[in-house]
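One structure below.
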Amino acid sequence: SVDAVVTDPPYGIRYQNKRSPKARIVNDERPFVWWMWEASRILKPTGSLVCFCRWDVQEAFRVAIELAGFTVRSQWIWDKKAHGMGDCARTLAPRHETIWFATKPLFRFPSGRPASVLEHRLIPGLARVHPTEKPVELMARIIRAVTPVGGTVLDPCMGSGSTGAACGAEFGFVGVEIERGYFATAVTRMRKTPVGSRFHTGKRRHR
């Protein structure tokens, strides 16, 4: 059993980076939600789920989260302090991402109630090792807000390992990644952090 599930799954938006057109994300054809029932099954009754998404697919994720047995409690807003690209002529400049926060019945915040807005500058495109990589410092803030010290965090869509790196020496970490290249990057990253000796991986089915 794990104490928290913290993840940034494929949103189902067919993400494409204009700087790197070949940098595609596996399972990004539709909202990738098939892991949620298993996550709910192994999460402790005192645990919680933190799931990144985006405004145009957030309802699909909310429905899947509730069907998996979680209770949706609120949303975090990540203010990225800088906007992305997209349709510059017809859409607002995207400066934020939404994050669903859901819990099991016995969850309580381990160290006080966090605010609903997280301000943290995104990683510049050329500095990323994964096209949708999240800052380690942002992930650390989230993990500390929902996970008791010494607890174990699961990320079923590990990417380049930002969540695992954020666990540091305070938390155990279990990570799963389907892309061999990103998996190798995450393993290298984990070995450079205190979580390295407790790093576990697994496989998920490609859908």
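The values are calculated or read from the model by the stated rules, or taken from the named source; none is laboratory data. Worth saying up front: this structure is predicted, and the values here are computed from it rather than measured. Please note: Cβ atoms are built from the backbone with ideal geometry, for glycine as well, and neighbour counts cover all protein chains shown. All accessible areas refer to the heavy atoms of the entire protein, side chains included, with ligands and DNA or RNA removed. Shrake-Rupley method; radii C 1.70, N 1.55, O 1.52, S 1.80 Å.
Bridging of residue 44 to aspartates and glutamates at a Cα separation below 14 Å is possible for 3, once same-chain residues fewer than 8 apart are set aside. Leaving out ligands, DNA and RNA, what percent of the accessible area of region 52-150 is carbon and sulfur, probe 1.4 Å? Carbon and sulfur together cover 57 percent of it.
Full extension of the chain between residue 60 and residue 44 gives 3.4 nm of extra length, using 0.36 nm per residue less the Cα-Cα distance. Averaged over residues, the count of other Cβ atoms within 10 Å places the peptides 155-161, 135-141 in the sequence 155-161, 135-141, highest first. Counted residue by residue at 0.36 nm each, then reduced by the alpha carbon distance between them, the extension gain from residue 93 to residue 129 reaches 10.6 nm. Counting charges near residue 159 (Lys, Arg +1; Asp, Glu -1) among other residues having Cβ under 9 Å from its Cβ returns a value of -4. Of all aspartates and glutamates in the structure, the ones whose alpha carbon falls short of 12 Å from that of residue 80, not counting any fewer than 8 places away in one chain, are 97, 119. Note on region 70-167: dipole from Cβ charges, positive end direction compared against 158, 75, 127; the farthest Cα belongs to 75. Note that region 120-174 presents 34 Å² accessible area per residue, ligands and nucleic acids not counted, probe 1.4 Å.
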